[in-house]
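These notes are about the structure you will find just below.
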Amino acid sequence: MEDVRLGVIGFGLRKSLATAAHHPGSGSRVVAVADTDPAALATAVSLIDGVDTVADYRTLLDRSDIDGIVVMTPDHTHLRVATDVLEAGKAAYVEKPLGITVEECDAILATAHRTGTRLYVGHNMRHMGVVRLMRDIIARGEIGAVQTIWVRHFVGHGGDFYFKDWHAQRANTTSLLLQKAAHDIDVLHWLANGYAQRVSAFGDLRVYNRVTDRLGPDQPKHDDWYAPEKHWPPLAQSGLHHEIDVEDVSLVNMVLDNGVLAAYQQCHFTPDYWRNYTVIGDAGRLENFGDGPGGVVKVWNSKRSGYRADADAVHDIPGATQLHGGADPLIMAEFCRFVRDGGTTDTSPVAARMSVAAGVSATVSLRAGGVPQDVPALDPALAAYYANAQVR
Ligand SMILES: NC(=O)c1ccc[n+]([C@@H]2O[C@H](COP(=O)([O-])OP(=O)(O)OC[C@H]3O[C@@H](n4cnc5c(N)ncnc54)[C@H](O)[C@@H]3O)[C@@H](O)[C@H]2O)c1
């Protein structure tokens with residue numbers, strides 16, 4: 001079997017995804033990297049043997065030795081870059097979130113549909129051990145039929161990751177409620193087997209607006225911008241982005257199209273960094289403690305009681321200790337299989353669009369003081385195309 005040959009556009013923080021896909025002779029290899037930053041290209045050369053590097057991504061589009069392209073540029077560039085890749089007939093892996101507006105997502109879905117080029121969206125949490133374990137528990141009927149899901153995201157490293165660069169501005173992300181929550185909204189849609197139809201949200205910028213140590217508009221991040229052991233408490237942060245107009249805490253309630261009720265909460269100034277899911281069915285409840293290997297998912301389903309730490313079942317969370325619980329090699333393997341053979345995948349472009357649509361609608365609600373918003377539905381013709389595994 002020949003290697004799937006990949007191009008990569010954008011080799012920043014997410015570069016680990018590209019290196020996870022580079023296995024010459026074993027199924028996939030990265031042949032070229034495009035990035036507008038020469039330092040990023042130098043890093044690519046140091047990490048990937050024999051890789052070609054270019055500043056202008058368009059030079060990758062007509063290369064006959066590239067089968068698929070991984071798009072890892074900032075969120076607000078996805079529409080331009082992804083549609084160029086799809087128009088060129090190269091299978092596209094687009095990092096989450098698919099876009100920063102519903103219109104952008106729909107344009108990307110429509111371009112893939114019109115050109116017949118394969119589209120894959122990088123919701124790597126669907127390959128995380130904790131998510132797959134919760135899904136398996138639900139599928140086995142251990143908690144009955146899902147009725148409500150409550151997700152709390154403690155984004156302990158939020159100050160480092162989201163308030164020192166492009167993430168801090170609405171123009172690049174719409175909101176962190178979309179940017180960061182796209183992961184968990186997608187997961188809760190997957191666990192509930194439905195999509196948010198109506199949302200109401202509150203949120204605010206309560207901490208990072210008070211940090212006065214800011215970078216100048218063209219000043220690079222400090223060398224020690226990421227230092228979990230150092231940047232505490234949050235108000236002691238330094239080198240934040242010169243302009244911050246996204247919220248650092250947000251709360252959303254959702255009604256899904258199958259009646260499931262869901263809640264999602266995100267905070268960027270917690271001391272700890274992890275996600276906690278509670279899924280309640282009509283015959284039990286599950287909850288994760290820790291979200292990677294070493295953690296557990298507990299299930300209570302035999303009787304009513306006060307809190308029982310031992311639960312009725314305690315399942316170890318599988319996965320690797322690498323970043324994202326080892327999800328990145330798994331998602332790249334699925335993408336390469338999809339490039340080669342097509343077919344169904346565990347990730348879904350429609351679900352990716354629906355997580356953005358819920359995040360956008362929640363942001364509108366949040367900025368309107370919590371006024372409930374309907375989540376825009378997808379064009380049924382596009383929904384049908386993607387439901388048929390992108391085959392007409
Ligand atoms: N799935 C996940 O777990 C996960 C984690 C982190 C980031 N992401 C997503 O990955 C994407 C990249 O995030 P990041 O944190 O690596 O950002 P980053 O800012 O660290 O890197 C982006 C890179 O893209 C380059 N770039 C920007 N515009 C370009 C263009 N027109 N042509 C070529 N290169 C260009 C930049 O120079 C930079 O090197 C984002 O969409 C982000 O939301 C996903």
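The values are calculated or read from the model by the stated rules, or taken from the named source; none is laboratory data. Since the model is a prediction, treat every value here as computed from it, not as a measurement. No Cβ is skipped: glycine too gets one built from the backbone with ideal geometry, and neighbour counts run over all protein chains shown. Accessible surface areas use protein heavy atoms only, side chains included; no ligands, DNA or RNA. Shrake-Rupley method; radii C 1.70, N 1.55, O 1.52, S 1.80 Å.
Could you tell me the distance between the Cα centroids of segment 5-62 and segment 205-226, to the nearest Å?
29 Å
For the chain, what does the relative contact order come out to in percent, with C-alpha contacts under 8 Å and a separation of six or more? Let's see the in-between values first.
Working: 847 pairs, mean separation 81.1, N = 392.
It rounds to 21 percent for the chain.
Along its three principal axes, how long is segment 305-379 when you only count alpha carbons? Whole Å, largest extent first please.
For segment 305-379, the Cα extents along the three principal axes come out at 52, 41, 22 Å.
Give me the orientation-averaged projected area of the Cα convex hull of segment 231-315, in nm², one decimal. Walk me through the numbers on the way to the answer.
Values: hull surface 35.6 nm².
That works out to 8.9 nm².
What number comes out for accessible area per residue over the chain if the probe is 1.4 Å? Units Å², please. Write down the numbers at each step before the final one.
Numbers: 16240 Å² over 392 residues.
Normalised by residue count, the accessible surface of the chain is 41 Å².
Normalise the Debye intensity by I(0) for the chain, one equal point scatterer per Cα, no solvent, then take log10 at q = 0.10, 0.14 Å⁻¹ and round to two decimals.
Each listed q maps to, in turn, -0.67, -1.34.
Heavy atoms only, probe 1.4 Å: what % of the accessible area of the chain goes to carbon and sulfur, would you let me know? Intermediate values should be presented prior to the final figure.
Working: 8530 of 16240 Å².
The C+S portion of the solvent-accessible surface of the chain is 53 percent.
Please give the calculated 222 nm ellipticity per residue for the chain, where each DSSP H segment of at least 4 residues contributes -39500 (n - 2.57) and the sum is spread over every residue; nearest 500 deg cm²/dmol? Each step should come with its number before you reach the end.
Working: 13 runs with 122 residues, N = 392.
Using -39500 (n - 2.57) per qualifying helix, the result is -9000 deg cm²/dmol.
From the mean inverse distance of alpha carbon pairs (Kirkwood) and the Cα radius of gyration, derive Rg over Rh for segment 31-131.
Values: Rg = 14.2 Å, Rh = 14.4 Å.
Taking Rg over the Kirkwood Rh, I get 0.99.
Cβ under 14 Å from residue 159's Cβ, residue 159 left aside: what net charge do those residues give with Lys, Arg +1 and Asp, Glu -1?
Values: positive: 164, 180, 206, 210, 214, 221, 230; negative: 160, 165, 213, 224, 229, 247, 248, 272.
Its environment carries a net charge of -1.
Take the alpha carbon gyration tensor of segment 117-245, find the square roots of its eigenvalues, order them as a ≥ b ≥ c, and report rounded if a/c is under 1.5; if not, report prolate when a/b exceeds b/c, else oblate. Don't jump to the answer; show the numbers that get you there.
On the way: a/c = 2.21, a/b = 2.11, b/c = 1.05.
Verdict is prolate for segment 117-245.
Can you tell me which of 47, 178, 79 moves the most in a GNM of the chain? Springs connect C-alpha atoms under 10 Å apart.
So, out of 47, 178, 79, the one fluctuating most is 47.
Working only with C-alpha atoms, what are the Rg and Dmax values of segment 70-128, expressed in angstrom?
In Å, with Rg to one decimal and Dmax whole: 10.6, 32.
On each of the three principal axes of the Cα atoms of segment 266-337, give max minus min coordinate, whole Å, ordered largest first.
46, 34, 21
Please give, to one decimal in nm, the separation of the simple spin-label points placed at residue 114 and residue 230, each 7 Å out from Cα toward the Cβ.
Between residue 114 and residue 230, the simple spin-label model gives 4.9 nm.
Counting only DSSP beta bridges with both residues in the chain, tell me the antiparallel percent, nearest 5.
Details: 39 of 69 bridges.
Bridges in the chain that DSSP calls antiparallel: roughly 55 percent.
Assuming 0.36 nm per residue, please report the length gained on full extension of the stretch residue 261 to residue 305 beyond their Cα-Cα distance. Each step should come with its number before you reach the end.
Details: separation 44, 0.36 × 44 = 15.84 nm, distance 2.38 nm.
Once the chain is fully extended between residue 261 and residue 305, it gains 13.5 nm.
In segment 187-295, what % of DSSP beta bridges are antiparallel (nearest 5)? Kindly include the intermediate steps, with their values, before the conclusion.
Numbers: 19 of 21 bridges.
If I count the DSSP bridges inside segment 187-295, around 90 percent turn out antiparallel.
Enter the Cα centre distance for the pair segment 67-108 and segment 314-392, rounded to the nearest angstrom.
14 Å
Points 7 angstrom from Cα along the Cβ direction at residue 387 and residue 39: gap in nanometres?
Once both label points are built, they end up 4.8 nm from each other.
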